[in-house]
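Written out below as structure tokens is the structure these notes cover.
The values are calculated or read from the model by the stated rules, or taken from the named source; none is laboratory data. Quantities reported herein were computed from a predicted structural model and do not represent experimental measurements. All Cβ positions, glycine included, derive from the backbone under ideal geometry; neighbour counts span all protein chains shown.
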């Protein structure tokens, strides 16, 4: 018995030493975060919350995290990165697509600092050991949010409250980038999985964050007969237009229930906390950070807000949970090219598709991404490259 007690005490002591060692190494890590906007942007607020959550989980001190807000997609990003290096940051993260080239420039000049970038496309072709891209399979979350939308449309249809003959959704998109196309397509497919006759109209704004443009786009879609609105844009413009008009809304990046209690249904978002925890721990352990990292529902990186039962259709929570379990089990593939509802604008099945995965600025597709019965989104790089236009989705204005 004495030998057993001694062995247990020895193991506890070893674990304590390991924890102290890991903590001591983590204390040497300092994170700098470059944000395109500030807390007024739902997009940037989502990153801020992710940083704070990760810092709390890891027990970081206040001086281990520096956040720089309202940094434009220009040399200001490069200068901010160098300033963070001077402040002693060992990892620097930027959150906007247009920050990428400036982060790469800083990474080349500062090889001893790790640079991580959200939504970027070039880490796997730049081959810099200290530059990394990250994103999440948010199309899974948008699919789940689409289920909530489809169920609401079914409820409106059963009550005779549709504006037209078939259920119609509107979608406010920022740009005609693959990221946005992937998002609105997965939302549409989720809705169609429970509401087969749904159609969708998309209005682009040409900006990630423009309250007036997003409000006007949502108003245009409502005027075009849409029964429900969603968005891939970062202000409260679209949700506010929906609340004012009494139109159900599925928002993005966080709950808008407090401001829009009568129309908000649910919101999908990327939870960035797991990624920040991951890169800080990798740095502390002296281990490599993945060149391309893609979080999923299973990793806790793709999440939905609580459903607003005041606005959602009955059974929405249960339907989302069922589909979420199917994602984790691998039973659902968002871009299932073998499914009956997955047809091209030309009316043909998508049996092959070459995507522009290696973003060299020439927009030349080079990678086959359809095999095994589905489109392999975000598997060859973390950022989306799905840019296929499906039947049932109408673009109301031109490309941006």
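Anything in the range 42-54 that is within 15 Å of residue 274 (Cα to Cα) and either assigned to a loop (DSSP other than H, G, I, E, B) or out of contact with any strand residue (DSSP E or B) (no Cβ under 6 Å at 6 or more places or on another chain) (or both)? List them, or say none. Reasoning before the result, please.
From the range 42-54, those within 15 Å of residue 274 (Cα to Cα) are 46-54; that's our starting set.
Within the range 42-54, 47, 48, 49, 50, 52, 53, 54 qualify.
Filter the range 155-182 down to residues that are in contact with a helix residue (DSSP H, G or I) (Cβ under 7 Å, 6 or more places away or on another chain) and surrounded by 18 or more Cβ atoms within 10 Å (Cβ to Cβ) and give me whichever is farthest from residue 197 (Cα to Cα).
Taking the range 155-182 and keeping what is in contact with a helix residue (DSSP H, G or I) (Cβ under 7 Å, 6 or more places away or on another chain), we get 162, 167, 169-174, 182.
Add one more test, that the residue is surrounded by 18 or more Cβ atoms within 10 Å (Cβ to Cβ), and what stays is 167, 169-174, 182.
Values: 167: 7, 169: 11, 170: 14, 171: 17, 172: 20, 173: 22, 174: 26, 182: 20 Å.
Restricting to residues being in contact with a helix residue (DSSP H, G or I) (Cβ under 7 Å, 6 or more places away or on another chain) and surrounded by 18 or more Cβ atoms within 10 Å (Cβ to Cβ), the top hit is 174.
Which of the residues spanning the range 365-400 are surrounded by 15 or more Cβ atoms within 10 Å (Cβ to Cβ) and at positive phi?
Across the range 365-400, the qualifying residues are 378, 392.
From 362, 358, grab the single residue that is surrounded by fewer than 19 Cβ atoms within 10 Å (Cβ to Cβ) and touching a helix residue (DSSP H, G or I) at 6+ places or on another chain (Cβ under 9 Å).
Details: 362 fails: touching a helix residue (DSSP H, G or I) at 6+ places or on another chain (Cβ under 9 Å).
Just a single option satisfies the conditions, and that option is 358.
Among (1) under 24 Å from residue 166 (Cα atoms); (2) surrounded by 14 or more Cβ atoms within 10 Å (Cβ to Cβ), which single condition is residue 350 missing?
Every condition holds for residue 350 apart from (1).
Go through the residues of the range 124-137 one by one and say whether even a single one is under 30 Å from residue 247 (Cα atoms) and either in contact with a helix residue (DSSP H, G or I) (Cβ under 8 Å, 6 or more places away or on another chain) or crowded, with 23+ Cβ neighbours inside 10 Å (or both).
Filtering the range 124-137 down to residues under 30 Å from residue 247 (Cα atoms) leaves 136-137.
Still in the running and either in contact with a helix residue (DSSP H, G or I) (Cβ under 8 Å, 6 or more places away or on another chain) or crowded, with 23+ Cβ neighbours inside 10 Å (or both): 136-137.
Scanning the range 124-137, I find at least one residue that is under 30 Å from residue 247 (Cα atoms) and either in contact with a helix residue (DSSP H, G or I) (Cβ under 8 Å, 6 or more places away or on another chain) or crowded, with 23+ Cβ neighbours inside 10 Å (or both), so the answer is yes.
Would you kindly identify the helices (runs of 4 or more DSSP H) lying entirely within the range 55-133 that contain at least 2 residues that are over 19 Å from residue 284 (Cβ atoms) and without any contact (Cβ under 8 Å) to a residue 40 or more places away in the chain?
Per the criteria, 75-86, 100-109.
From (1) modelled with pLDDT of 95 or more; (2) under 25 Å from residue 382 (Cα atoms), pick out the condition that doesn't hold for residue 79.
So the condition that residue 79 fails would be (2).
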